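So the structure is just underneath, and the comments pick up after that.
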Amino acid sequence: MSAGNENAVEPIEPPHDVIQLVDRFKKHAESYRSAEYLETRVRREFLDPFFAALGWDVDNRSGYAEAYKEVIHEDSIKVPGRDGGTKAPDYCFRIGGARKFFVEAKKPSVNIRSDIDPAYQLRRYAWSAKLPLSLLTDFEELAVYDCRLKPTPTDSTSTARTAYFTIDHYLDPRRWAEIAGIFSKDAILKGSFDRYVDTSKRKRGTAEVDDALLDEIENWRELLAKAIAKRNAGLDVHQLNHVVQATIDRIMFLRIAEDRGIEPYGTLQAIANGENTYGRLLERFRRADERYNSGLFHFDPERGRDGIPDEISPALEIDDKPLKQILKGLYYPDSPYEFSVFAPEILGQVYEQFLGKVIRLTPSRLAKIEEKPEVKKAGGVFYTPTYVVDYILRSTVAPKLEGQTPATIGGDQHSSNGSKRAHVPPVTILDPACGSGSFLLNAYQFLLDWYLGKYLESDPEQHTK
């Protein structure tokens, strides 16, 4: 299927570098297709120069800081795969630090057209990162996937595939024009990538990752609410809402930490094996409290520690079945999520919607989930889009920082008599309608970027010391 069927494209002669790459591959195709020819080599010898020919600064010759590199190799933190190794998207292509698409590389001995595992792997990465398109390639073949369709392990390689090219197509001016017209850097900057995304037909059953995750968490809430209400008759409705929310928050935190390499991978999965699931899960929560000293895992009173400890969760009784169902569904291949590439705003959108509902107990203590009255009256929960948050920050915080440097703002302030006062921050930001905290996270990132930019402008070598 051609990427250019919907929109006619003007033929473009392929760059000389691409012609040379194709010629070299064909001359030694047999050795390149052998199992001994590793993925790392195809990336260095063919894919790096291929994408450089599309205008991308693959080797960061511009010297951009990490946050602004155009191409990130093995984006985010490697996550453990089902084979015990580690996996991460091989390439992430970005403009201004914003992800546009992933590329997953395979060695030429892998049959991209028929092998379902590489396609599922790529689509999990891109769908979890909420990227509409991404590429799977071994250089000899290149497949384009619409990653808005929720991936499942039983999908065929043709599911959500919008285009397929072979090495011979790179030399065809019309087919090369299709590739360059979507995935070159110039195509991103001129908007043709986004136009292709908009005109591509969305497959039936498409589910954005935040919608799918919200449905998943809503299901967990119902499972836990019914199970906890059944076995813990002494809980009132407020306590029930608290412990259900806290249990989900704790599981999500630890599962994301696993995929980001902070916690050992598969720890929660192992808890799902055997009996006394909640007892062993609670032990895991307590170890997390020892490590993170976080309010999320605060169970016991401690001298000098703020906050009220959760004394309800340790006393709960929960059947194994609902917990096993939740924990087992968080891992490959059952789970379509790659938490290592989740953006904070995705979780923010999910939780703001999640917090718009509440658990209610019927007279017979049957747990029911319903929308909060104030949310129903307002017509639902509304999440502030990232571009609106960025505009607010540029309009409010940026003016406060104009003409300033890290040396001129904040610091230790002194009173009129010369005595030192407390450190004064450059700007204080209040979010009076804080839901998931996404606005504050964006504000924090805005300040980090500002400081980084200032340090890079002024003798970076000095600041590294």
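The values are calculated or read from the model by the stated rules, or taken from the named source; none is laboratory data. The model shown is predicted, which means the values in this text are computed figures rather than measured ones. With ideal geometry, Cβ positions are generated from the backbone for all residues, glycine too; neighbour counts draw on all protein chains shown. These area figures cover heavy atoms from the full protein model, side chains too; ligands, DNA and RNA do not enter into them. Shrake-Rupley method; radii C 1.70, N 1.55, O 1.52, S 1.80 Å.
Could you tell me whether region 347-357 includes any residue that is basic (Lys, Arg) and in contact with a strand residue (DSSP E or B) (Cβ under 6 Å, 6 or more places away or on another chain)?
Taking region 347-357 and keeping what is basic (Lys, Arg), we get 357.
From the residues that got through so far, the ones that are in contact with a strand residue (DSSP E or B) (Cβ under 6 Å, 6 or more places away or on another chain) too are 357.
Within region 347-357, one or more residues are basic (Lys, Arg) and in contact with a strand residue (DSSP E or B) (Cβ under 6 Å, 6 or more places away or on another chain).
Sort through Ala187, Ala180 and tell me the only one that's surrounded by 19 or more Cβ atoms within 10 Å (Cβ to Cβ), free of Cβ contacts under 8 Å to residues at least 12 places away in the same chain and not aromatic (Phe, Trp, Tyr). Talk me through it step by step, then tell me what you get.
Values: Ala180 fails: free of Cβ contacts under 8 Å to residues at least 12 places away in the same chain.
Going through Ala187, Ala180 in turn, just one is surrounded by 19 or more Cβ atoms within 10 Å (Cβ to Cβ), free of Cβ contacts under 8 Å to residues at least 12 places away in the same chain and not aromatic (Phe, Trp, Tyr): Ala187.
Condition test on Pro336, is it open to solvent by less than 40 Å² (accessible area, probe 1.4 Å) and touching a residue at least 60 places away in the same chain (Cβ under 8 Å)?
yes
For the structure I just gave you, tell me whether Ile318 is under 27 Å from Ala229 (Cα atoms), touching a Ser or Thr at 6+ places or on another chain (Cβ under 9 Å) and among the aliphatic types (A, V, I, L, M).
Details: under 27 Å from Ala229 (Cα atoms): yes; touching a Ser or Thr at 6+ places or on another chain (Cβ under 9 Å): yes; among the aliphatic types (A, V, I, L, M): yes.
For Ile318, the condition - under 27 Å from Ala229 (Cα atoms), touching a Ser or Thr at 6+ places or on another chain (Cβ under 9 Å) and among the aliphatic types (A, V, I, L, M) - is met.
For region 352-367, what are the residues that are open to solvent by 20 Å² or more (accessible area, probe 1.4 Å) and either more than 23 Å from Ile228 (Cβ to Cβ) or in contact with an Asp or Glu (Cβ under 9 Å, 6 or more places away or on another chain) (or both)? Can you show your working first?
So the first thing to find is which residues in region 352-367 are open to solvent by 20 Å² or more (accessible area, probe 1.4 Å), and the list is 352-353, 355, 357-358, 360-366.
Glu352, Gln353, Lys357, Val358, Arg360, Leu361 - these are the residues of region 352-367 that are open to solvent by 20 Å² or more (accessible area, probe 1.4 Å) and either more than 23 Å from Ile228 (Cβ to Cβ) or in contact with an Asp or Glu (Cβ under 9 Å, 6 or more places away or on another chain) (or both).
Tally up the residues in region 271-317 that are among the β-branched types (Val, Ile, Thr), part of a helix (DSSP H, G or I) and free of Cβ contacts under 8 Å to residues at least 40 places away in the same chain, please. Steps first, answer last, please.
First pass over region 271-317, keeping only residues among the β-branched types (Val, Ile, Thr): 271, 277, 308, 312.
Next, from what is left, pick out any that are part of a helix (DSSP H, G or I): 271, 277.
So of that shortlist, the ones also free of Cβ contacts under 8 Å to residues at least 40 places away in the same chain come out as none.
So the answer is 0.
Take the residues in region 15-35 that are within 23 Å of Asp186 (Cα to Cα), in a helix (DSSP H, G or I) and of a type outside the set (A, V, I, L, M, F, W, C), then tell me which one is most open to solvent (accessible area, probe 1.4 Å). It would help to see each step written out before you state the result.
Residues of region 15-35 that are within 23 Å of Asp186 (Cα to Cα), as a first pass: 15-22.
Adding the requirement that they be in a helix (DSSP H, G or I) leaves 16-22.
Adding the requirement that they be of a type outside the set (A, V, I, L, M, F, W, C) leaves 16-17, 20.
Numbers: His16: 119, Asp17: 87, Gln20: 98 Å².
Taking the candidates together, the pick is His16.
Please work out which residue is modelled with the lowest pLDDT, limiting yourself to region 398-436 and to residues that are β-branched (Val, Ile, Thr) and touching a helix residue (DSSP H, G or I) at 6+ places or on another chain (Cβ under 6 Å).
Step one: filter region 398-436 for residues β-branched (Val, Ile, Thr), giving 405, 408-409, 424, 427-429.
Filter once more, keeping what is touching a helix residue (DSSP H, G or I) at 6+ places or on another chain (Cβ under 6 Å): 405, 427, 429.
Numbers: Thr405: 81, Val427: 78, Ile429: 88.
For region 398-436, the residue satisfying everything is Val427.
Tyr387: farther than 23 Å from Glu218 by Cβ, open to solvent by 50 Å² or more (accessible area, probe 1.4 Å), part of a helix (DSSP H, G or I) and modelled with pLDDT under 80, yes or no? Break it down stepwise before answering.
On the way: farther than 23 Å from Glu218 by Cβ: yes; open to solvent by 50 Å² or more (accessible area, probe 1.4 Å): yes; part of a helix (DSSP H, G or I): yes; modelled with pLDDT under 80: yes.
The answer is yes for Tyr387.
Quick one: how many residues across region 89-127 are outside any strand (DSSP E or B) and either open to solvent by 10 Å² or more (accessible area, probe 1.4 Å) or at pLDDT 90 or above (or both)? Spell out how you get there, then give the answer.
Taking region 89-127 and keeping what is outside any strand (DSSP E or B), we get 89-90, 96-97, 106-127.
Narrowing the set further to residues that are either open to solvent by 10 Å² or more (accessible area, probe 1.4 Å) or at pLDDT 90 or above (or both) leaves 90, 96-97, 106-127.
Total meeting the criteria: 25.
Can you go through Ile217, Ile248, Ile228 and tell me which one is open to solvent by less than 70 Å² (accessible area, probe 1.4 Å), within 21 Å of the chain's Cα centre (by Cα), at pLDDT 85 or above and farther than 30 Å from Lys100 by Cα?
Values: Ile217 fails: farther than 30 Å from Lys100 by Cα; Ile228 fails: within 21 Å of the chain's Cα centre (by Cα).
Of the residues listed, the single one that is open to solvent by less than 70 Å² (accessible area, probe 1.4 Å), within 21 Å of the chain's Cα centre (by Cα), at pLDDT 85 or above and farther than 30 Å from Lys100 by Cα is Ile248.
Looking only at region 255-300, which residues are aliphatic (A, V, I, L, M) and either over 26 Å from the mean Cα position of the chain (by Cα) or under 20 Å from Leu316 (Cα atoms) (or both)? Can you show your working first?
Just the residues of region 255-300 that are aliphatic (A, V, I, L, M), to begin with: 256-257, 262, 268, 270-272, 281-282, 288, 296.
Matches in region 255-300: Leu268, Ile271, Ala272, Leu281, Leu282, Ala288, Leu296.
Can we say Pro264 is open to solvent by 60 Å² or more (accessible area, probe 1.4 Å) and modelled with pLDDT under 90?
Working: open to solvent by 60 Å² or more (accessible area, probe 1.4 Å): yes; modelled with pLDDT under 90: no.
Against the criterion (open to solvent by 60 Å² or more (accessible area, probe 1.4 Å) and modelled with pLDDT under 90), Pro264 does not qualify.
What residue, among those in region 139-174 that are outside any strand (DSSP E or B) and in contact with a strand residue (DSSP E or B) (Cβ under 6 Å, 6 or more places away or on another chain), is surrounded by the fewest Cβ atoms within 10 Å (Cβ to Cβ)?
As a first pass, look at region 139-174 and keep what is outside any strand (DSSP E or B): 139-140, 147-160, 167-174.
Next cut, in contact with a strand residue (DSSP E or B) (Cβ under 6 Å, 6 or more places away or on another chain) only: 147, 160.
Working: Cys147: 26, Ala160: 24.
Looking at residues that are outside any strand (DSSP E or B) and in contact with a strand residue (DSSP E or B) (Cβ under 6 Å, 6 or more places away or on another chain), I get Ala160.
Return yes or no: is Arg305 on the phi < 0 side of the Ramachandran plot and open to solvent by 20 Å² or more (accessible area, probe 1.4 Å)? Full working, then the answer.
Values: on the phi < 0 side of the Ramachandran plot: yes; open to solvent by 20 Å² or more (accessible area, probe 1.4 Å): yes.
Spelling it out, Arg305 is indeed on the phi < 0 side of the Ramachandran plot and open to solvent by 20 Å² or more (accessible area, probe 1.4 Å).
Give just the number: which of (1) farther than 24 Å from Ser335 by Cα; (2) open to solvent by less than 10 Å² (accessible area, probe 1.4 Å); (3) not acidic (Asp, Glu) does Ala272 not satisfy?
All conditions pass for Ala272, except number (1).
Would you check if there is a residue in region 312-319 being open to solvent by less than 60 Å² (accessible area, probe 1.4 Å) and either in contact with a strand residue (DSSP E or B) (Cβ under 6 Å, 6 or more places away or on another chain) or under 30 Å from Ala98 (Cα atoms) (or both)? First the steps, then the outcome.
Initially, region 312-319 is screened for residues open to solvent by less than 60 Å² (accessible area, probe 1.4 Å), giving 312-314, 316, 318-319.
With the extra rule that they be either in contact with a strand residue (DSSP E or B) (Cβ under 6 Å, 6 or more places away or on another chain) or under 30 Å from Ala98 (Cα atoms) (or both), the set shrinks to none.
Looking through region 312-319, none of the residues is open to solvent by less than 60 Å² (accessible area, probe 1.4 Å) and either in contact with a strand residue (DSSP E or B) (Cβ under 6 Å, 6 or more places away or on another chain) or under 30 Å from Ala98 (Cα atoms) (or both).
For region 427-445, give me each residue that is open to solvent by 50 Å² or more (accessible area, probe 1.4 Å) and not in a loop (DSSP other than H, G, I, E, B). Working first, answer last.
Let us first name the residues in region 427-445 that are open to solvent by 50 Å² or more (accessible area, probe 1.4 Å), namely 428-430, 432-434, 440-441, 444-445.
Selection gives Leu440, Leu441, Tyr444, Gln445.
Considering only region 36-58, state which residues are within 27 Å of the chain's Cα centre (by Cα) and not in a helix (DSSP H, G or I).
Once the filter is applied, which keeps residues that are within 27 Å of the chain's Cα centre (by Cα) and not in a helix (DSSP H, G or I), region 36-58 yields Leu54, Gly55, Trp56, Asp57, Val58.
State yes or no: is Leu131 within 25 Å of Val22 (Cα to Cα), at pLDDT 90 or above and under 18 Å from the mean Cα position of the chain (by Cα)? Please lay out each step first, then the result.
Values: within 25 Å of Val22 (Cα to Cα): no; at pLDDT 90 or above: yes; under 18 Å from the mean Cα position of the chain (by Cα): yes.
Here the answer is no, as Leu131 does not meet what is asked.
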